[in-house]
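The values are calculated or read from the model by the stated rules, or taken from the named source; none is laboratory data. The structure displayed is predicted, hence computed values, not measured ones. Quick reminder, even Gly has a Cβ in these numbers, built from the backbone with ideal geometry, and neighbours come from all protein chains shown.
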Amino acid sequence: MASSNVRIIPNTRDGHKRVRTRTPNTISKREGCSTTKLDRITSYHCNCFCSSFNLILCGVLRIPVSMASSLSTKPFSTDALSAFASLNSDLRSLSPGYLRLSLRPRLPKRLQIQAAGSTYGNHFRVTTYGESHGGGVGCVIDGCPPRIPLSEADMQVDLDRRRPGQSRITTPRKETDTCKIFSGVSEGLTTGTPIHVFVPNTDQRGNDYSEMSLAYRPSHADATYDMKYGVRSVQGGGRSSARETIGRVASGAVAKKILKDFSGTEILAYVSQVHKVILPEDLIDHDTLTLHQIESNIVRCPDPEYAEKMIAAIDAVRVRGDSVGGVVTCIVRNCPRGLGSPVFDKLEAELAKAVMSLPATKGFQFGSGFAGTFLTGSEHNDEFYIDEHGRTRTRTNRSGGIQGGISNGEIINMRIAFKPTSTIGKKQHTVTRDKKETELIARGRHDPCVVPRAVPMVEAMVALVLVDQLMAQYAQCNLFPVNLDLQEPLVPELEPEEVPF
């Protein structure tokens, strides 16, 4: 028994441990064969390993086939450690030029598709396409419910608010931005199939960007697009241009229509700051604010006095070929309760992601924002009460209409900061694509301040978030009867219609 292998087998059917002994030299040898089963098994697995290792050497490390074959066919013995040591030694002797690691083939195809970043939403999905100086721009809306009245006129209102050439404080580029619906709508009603909206480009001037084809505009996406893709659209910045937002505004108009018809939800944005001109918050009553007040001047500030100051600030830098930034405030009235989810999918997190995806955005505040850090808990907390309709309300709204990541029915309030336009007509230091330092005076037609035209863009992104969250709420919480003791219905009770017979 001294030369035998001992193996203990637990977990037998009768519950007893059994001991099995055998001698490899006497049991495993066949008659007339000089190798043991252990040797043959080791040889088999080594051959499989050689084939797999050969593929790794050629496919991943890009080692020539001849060298890979010599490495992977090293003689193996039953001593596996010595075999691996031999391979390790040979690999160390390779030139670093051979060891170029290529991760591209290993990336999942799904990940490569999502990395494009041109689609937003889970239930109400929007994909934008097109470039600033291409044939046109547009969007495809997937997931829109059927039987919703919709026409080009519903989208054109917001597209006209966004279009260039509106006034002296916007880009002088002349575009009508007339939209056309190619699919998804029949006889004035949505069909539930993808809605395709297209807007042609009619006033392109690609020659304005000849200098920028060689030199990077400071603080623009020119350099990072080259760093990431190795190629970019020179004319107008391609997808980094604010012209990409046409698809967002068009799809946002559809989302706003759904929200308005469903629960009377209103989304209003306005300019609250341009450069150093700041509109005091207490001057605007969010309960009574109207679109007419916002659209009463070219800067889209609802207070006439501060609107004139903002226009003057933009004019001052416009004549010098410079630019300024500002802040857009957005409110949501009559937002359905219960939108948003805990932890990672909080409503304010989704809103922040959406509006921060807009060009030139650099900051986001929600509710009391950073000012809330100066208050104590007793000063900041929104105390509850029951209103005359028996609904739970808050006496203040420092939470901004969202608590715990879920909407509570109060007015949602957020502020988005936009940086100064990066393409300016002043001399700036930069570098070329071939890594030489130079100076650049950018040509082209650009906004001296983006915030007046950013107002409908912010409204659109907020609408896309809310309609997507509304569909998610129905899918998760309204499939079965609600808990009437705690949950409040999303849809107000309607009088039954009389059906003629």
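Anything in the stretch 288-323 that is part of a loop (DSSP other than H, G, I, E, B) and more than 31 Å from the chain's Cα centre (by Cα)? List them, or say none.
Within the stretch 288-323, Thr288, Ser296, Asn297, Asp303, Val319, Arg320, Gly321 meet the criteria.
Cβ contacts < 7 Å: first residue surrounded by fewer than 24 Cβ atoms within 10 Å (Cβ to Cβ), restricted to the stretch 229-252; second residue assigned to a helix (DSSP H, G or I) and modelled with pLDDT under 75, any location; separation 6+ or different chain. Result?
The qualifying pairs are Arg232/Gly238; Val234/Tyr209; Val234/Met212; Val234/Ser213; Gln235/Gly206; Gln235/Tyr209.
Just to be sure, is Ala269 farther than 27 Å from Ala475 by Cβ, touching a strand residue (DSSP E or B) at 6+ places or on another chain (Cβ under 7 Å) and not hydroxyl-bearing (Ser, Thr, Tyr)?
yes
All but one of (1) at pLDDT 95 or above; (2) crowded, with 20+ Cβ neighbours inside 10 Å; (3) under 27 Å from Arg443 (Cβ atoms) hold for Ile298; state the number of the condition that does not hold.
(2)
Where in the stretch 332-421 are there strands (runs of 3 or more DSSP E), lying fully within it, with 2 or more residues that are modelled with pLDDT of 95 or more and β-branched (Val, Ile, Thr)?
Filter on the stretch 332-421 gives 412-418.
Within the stretch 123-149, which residues are part of a loop (DSSP other than H, G, I, E, B) and under 19 Å from the mean Cα position of the chain (by Cα)?
Correct list: His123, Phe124, Glu131, Gly143.
Quick check on my filter: what residues within the stretch 382-404 are farther than 19 Å from Leu486 by Cβ and free of Cβ contacts under 8 Å to residues at least 12 places away in the same chain?
Glu388 - this is the single residue of the stretch 382-404 that is farther than 19 Å from Leu486 by Cβ and free of Cβ contacts under 8 Å to residues at least 12 places away in the same chain.
Within the stretch 432-454, identify whether any single residue is closer than 23 Å to Pro302 by Cβ and within 19 Å of the chain's Cα centre (by Cα), and answer yes or no.
Checked against the condition, which is being closer than 23 Å to Pro302 by Cβ and within 19 Å of the chain's Cα centre (by Cα), the stretch 432-454 yields at least one hit.
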